[in-house]
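Q: Attaching a single structure in C-alpha cells format; questions to follow.
Any read-out appearing in this document is the output of simple, stated calculations on the displayed coordinates, not a laboratory observation. Owing to the predicted nature of the structure, the values given are computational and were not obtained by experimental measurement. Ideal geometry is used to build each Cβ from the backbone, glycine not excepted, and the neighbour counts take in all protein chains shown.
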C-alpha cells in the first residue's frame, strides 16, 4: 500500500519487517523471499539509497541462483533484477556497470522471446542508448 501511495520510506520499513520475519520462518518460500528483496531494492531506489538497492537486488540474484527454479523463471527474474541493478548504477553515475547490466537483461530477453517486440526490449534499448549517450559513445 505504501509503495503504491509513493510513501517509499514507509514501504521500505515494512518490506524490511517482512524480510526479517521471512528469515526466521523455516519453510519460507525462496520465491517470496526474492519478491521481498526485489521490493526492498525498488523502495531503496525510490529513496535514492542506491547502494542499499544494489545489495538487495544482488541478494535476490544469489537467492535465485541457489533456488530450485526452472530456467524460464530464473531468466525472467534476471531480466527484472539486472534492469533494476542497471538503474541503480546509472543513478550512482557508474555508467559502465549500468551499461553492463542493461545489456545482460537485454540479451536474456531477446534470447528468451526471440522475435517478439516486447515493451521490456524496447525499454532496455532506450536505457542502453541513454547510458551510451551519457558515456559519450554514440555508435
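Q: Quick one: angle between helix 50-65 and the longest Cα principal axis of the chain, in degrees between 0 and 90, rounded to 10, please.
A: It is inclined by approximately 80 degrees.
Q: Only Cα pairs under 8 Å and at least 6 apart count here; give the relative contact order of the stretch 1-56 as a rounded whole percent.
A: Reported relative contact order: 34 percent.
Q: Multiply the residue gap between residue 113 and residue 73 by 0.36 nm, knock off their C-alpha separation, and tell me the result in nm, one decimal place.
A: 13.1 nm
Q: Right, something else. Once the cut-off is 26 Å, how many percent of the Cα-Cα pairs in the chain end up in the long-distance tail?
A: More than 26 Å apart: 27 percent of the Cα pairs in the chain.
Q: Counting each DSSP H run of 4 or more residues in the chain as -39500 (n - 2.57), what helix-only mean residue ellipticity at 222 nm follows after dividing by all residues, to the nearest 500 deg cm²/dmol?
A: -26000 deg cm²/dmol
Q: Label points 7 Å out from Cα along the Cβ direction at residue 25 and residue 126: separation in nm?
A: Reported label-point gap for residue 25 and residue 126 is 3.6 nm.
Q: Report the dimensions of the stretch 1-69 along its three principal axes from the alpha-carbon atoms, largest first, rounded to Å.
A: Here the spans come out as 33, 21, 17 Å, largest first.
Q: A follow-up question, please. For the stretch 4-38 and the stretch 85-135, what is the separation of their C-alpha centers, rounded to whole Å?
A: 26 Å
Q: In Å, the Kirkwood hydrodynamic radius of the stretch 71-139 over pairs of distinct alpha carbons?
A: 12.0 Å
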